[in-house]
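One structure is given below, encoded as structure tokens.
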Amino acid sequence: MFRSILCAAILAASSATAFAQVSLQPRLNENTKFRTTIEVSTDQTLTLAGMPLETKVRQFIVTNDEIGAKQADDKVQMTGRMETFQIEMKLPGGIELNFDAGNPTTDAPIPQLTPILKMFDAMSSSTYETTFSGPGKIESIKLKGDKFDALDDALKQEPSSEKMKQEASQALARLPSGPVQKGDTWDRTETSNLGSGQTFEMERTFEYLGTVTEGGRELDRIGIRTKSVTYNIEPNPGLPVELKSSDLNIAKSGGEFLFDRKLGAIVRTTDSFTVEGKLTLVAAGNELAGELSLTISSKSSRE
């Protein structure tokens, strides 16, 4: 989930060139503040031994970020915190798990879920500090909070600073490497961290779609399409299963981000993809053949 927060907070800019081309190059806007709203929904059905296990997750997050002045070593720091952090989870077996940082609680419907609420509490009360060594170059991201040490070992690495850096850098890498004009496309490989050592490695195509005018502003429009996906599970004590094999495909996908050249920032992003297919898991030495249908949708907007 920190992926959504950090990716939405990364800024970029562009400048016009000849022949109706634009250059979408990252830039740092020093001494600025902004507020970002992020919504993420996950709908999953994992069918094992003919039994469908349904999971639904809804996240609503608002962050406040501030970019400082360039330092003597030419580095720039961005600090951020969460104004709103709300999560609603519907888990297999009819279990519901909700968290709201405005009224935090770590009382779970079953004791096994209490550590997850404690992790949400630690994340929502933390701050993060991103250091840029130059435009588009993230040197480090530090997650700061006094509640992480009390988390179970299996959950301490979930909000990893290294993962946050990887995903924020990945968001910047979506921009084209050179000038583009309407209809130009470029490909990127992206890794989506799903938690508990689970990842999707996705092949994605981006397309420059020209400009649109909204609220008196001319915005550059870049389309997003996911072409393929590979699922992986790293060894993790918090997820006592292994992946033997998978054959997953992208059933549908779509999205775009809007770029304000005058502001020098990505101001809105929408992204959605559906993964379907078969997989075989191994639990306690037993193979479990299953089918997966998973849709992840997200949107963010900057004020």
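Taken together, the values in this text are just the output of simple stated rules run on the coordinates, not laboratory data. Remember, predicted model here, so these are calculated numbers, not experimental data.
Divide the volume of the convex hull of the Cα atoms of the range 2-302 by its number of residues and quote the answer in cubic angstrom per residue. Present the calculation step by step, with values, prior to reporting the outcome.
On the way: hull volume 42.1 nm³, N = 301.
Measuring per residue, one finds 140 Å³ for the Cα hull of the range 2-302.
If the limit is 22 Å between Cα atoms, which of Lys56/Lys147; Lys137/Lys227; Lys182/Lys227; Lys118/Lys244 go over it?
Numbers: Lys56/Lys147 27 Å; Lys137/Lys227 27 Å; Lys182/Lys227 20 Å; Lys118/Lys244 31 Å.
Long pairs (Cα-Cα over 22 Å): Lys56/Lys147; Lys137/Lys227; Lys118/Lys244.
Return one number: the angle in degrees, 0 to 90 and rounded to the nearest 10, between the long axis of the Cα atoms of helix 114-124 and the longest principal axis of the Cα atoms of the chain.
10
Summing -39500 (n - 2.57) over the DSSP H runs of n ≥ 4 in the chain and dividing by its residue number, what mean residue ellipticity at 222 nm do you reach, to the nearest 500 deg cm²/dmol?
Value at 222 nm, helices only: -3000 deg cm²/dmol.
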